[in-house]
Amino acid sequence: APGFRHDEVLPRIERSALAWIDERAQDRSKPFFLYLPLTSPHTPWLPTGGHAGKSKAGAYGDFVMQTDALVGRLLDALERHGLAKDTLVVLTSDNGSHWPQEDVVRWGHKSNLDWRGQKSDVHEAGHRVPFIVRWPGRIPEGKVCAEPGILVDLFATFADLLGEKLPDGAAEDSFSLWPAWKDPARAPGLRPHLIHHSGNGMFALREGAWKLIEGKGSGGEN
């Protein structure tokens with residue numbers, strides 16, 4: 001588009017989201033839903049707003065820091081409008097980070113911790129992602145839940161917490177995680193299995209502590 005600049009995309013998304021929250025806060029009688037798929041920290045890594053060089057983990061690390069700061073300002077907006085206790089916030093990602101071994105060595109940083117592989121792989125680092133939920137007074141704070149889940153589970157989870165029954169045949173691969181969100185200490189068991197799919201089309205089935213990979217190699221870029 002005329003005037004398009006890659007480095008202005010993320011700041012513009014932030015401004016639009018904050019303005020949208022400000023607008024919705026004017027009428028407390030209407031609930032709101034904001035789906036905010038950020039362009040960061042995907043490529044191109046273009047940190048702005050004073051974040052360049054801050055992380056000591058390259059442009060990717062700087063872009064992650066900028067993303068964290070953006071999320072913080074969204075949460076601050078909810079607090080400022082007195083909406084925090086009435087708002088469920090879910091922060092997650094669709095895959096692990098692109099962080100090859102040479103970046104681990106170069107920056108002394110493990111973006112995927114000690115999990116095997118990276119983005120697009122069928123291995124654990126390709127699918128093990130941050131998943132943070134916040135709802136003051138409804139979800140215990142500072143707790144870690146061991147229940148495995150995937151993004152498609154959000155469908156059944158939201159229906160469950162709203163008391164809505166899904167139609168027959170709808171979201172058959174979605175399982176509600178709401179019981180685990182309310183009680184993170186409960187024993188896992190809501191989801192019988194997980195299906196993984198790599199960037200190159202390799203499948204894997206996880207059940208309990210076991211994962212069956214249908215193929216050789218990572219199924220991705222490694």
- Pop a pseudo-label 7 angstrom from the Cα along the beta-carbon direction at both Ser93 and Lys56 and give the gap in nm to one decimal. 2.0
- Item | Among Gly149, Gly137, Gly96, residue whose mean-square fluctuation peaks in a GNM of the chain (springs only between Cα atoms under 10 Å) | Gly137
- Query: What is the calculated FRET efficiency for Ile132 to Ala25, with r their C-beta to C-beta distance and R₀ = 22 Å, to the nearest 0.05?
  - Reply: 0.45
- Note on the structure: In debye to the nearest 20, the charge dipole size for the range 36-169, taken about the Cα centre with +1 at each Lys and Arg Cβ and -1 at each Asp and Glu Cβ, equals 420
- Send over the Kirkwood Rh of the range 35-99, from the inverse of the averaged 1/r over different Cα pairs, rounded to one decimal Å. 13.1
- In terms of Cα to Cα distance under 16 Å, which aspartates and glutamates are near enough to Lys30, apart from those fewer than 8 places away along the same chain? Asp22, Asp86
- Item | At R0 = 45 Å, FRET efficiency that the Cβ-Cβ distance of Trp210 and Ala1 yields, to 0.05 | 0.40
- the range 1-71: proportion of alpha-carbon pairs further apart than 15 angstrom, %: 58
- Query: Beyond 22 Å, what share of the Cα-Cα pairs of the chain remains, rounded to the nearest whole percent?
  - Reply: 61
- Item | Square roots of five times the Cα gyration tensor eigenvalues for the range 94-222, Å | 29, 19, 12
- Note on the structure: note: the range 1-124, Cα-Cα separations exceeding 16 Å make up a percent value of 68
- Task: Heavy atoms only, probe 1.4 Å: what % of the accessible area of the range 110-222 goes to carbon and sulfur, would you let me know?
- Result: 56
- Net charge over other residues, Cβ less than 15 angstrom from the Cβ of Trp107 (K, R count +1; D, E count -1): +1
- Roughly how many debye, to the nearest 20, is the charge dipole of the range 1-91 about its Cα centre, given +1 on each Lys and Arg Cβ, -1 on each Asp and Glu Cβ, and no other charges? 20
- Query: If you stretched the chain out fully between Leu34 and Lys143, how much longer would it get, using 0.36 nm times the residue separation minus the C-alpha to C-alpha distance?
  - Reply: 36.8 nm
- Note on the structure: With Leu46 itself left out, Lys, Arg at +1 and Asp, Glu at -1 over residues whose Cβ is under 12 Å from its Cβ give -2
- Taking Cα atoms of the range 70-129, Rg/Rh with Kirkwood Rh, to two decimals? 1.19
- Query: Quick one: ranking Arg186, Arg5, Arg28 by accessible area, 1.4 Å probe, largest first, what do you get?
  - Reply: Arg28, Arg5, Arg186
- Item | Selected from His98, His123, His51 as most flexible by GNM, with the chain as the system and alpha-carbon contacts under 10 Å | His51
- Task: Taking 7 Å along the Cα-to-C-beta vector as the label spot, tell me the Val71-Leu18 distance in nanometres, rounded to one decimal.
- Result: 1.8
- Rounded to the nearest 0.05, FRET efficiency between Glu164 and Glu8 (Cβ-Cβ, R0 41 Å) equals 0.55
- Can you quote the Å³ per residue value for the convex hull of the Cα atoms in the range 89-157, rounded to an integer? 113
- Please list the radius of gyration and Dmax for the range 172-222, considering alpha-carbon atoms only, with Å as the unit. 14.0, 39
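The values are calculated or read from the model by the stated rules, or taken from the named source; none is laboratory data. Just so it is clear, the model here is predicted, and its values are computed rather than measured. No Cβ is skipped: glycine too gets one built from the backbone with ideal geometry, and neighbour counts run over all protein chains shown. To get the accessible areas, we keep the full protein, side chains included, count just its heavy atoms, and leave off ligands, DNA and RNA. Shrake-Rupley method; radii C 1.70, N 1.55, O 1.52, S 1.80 Å.
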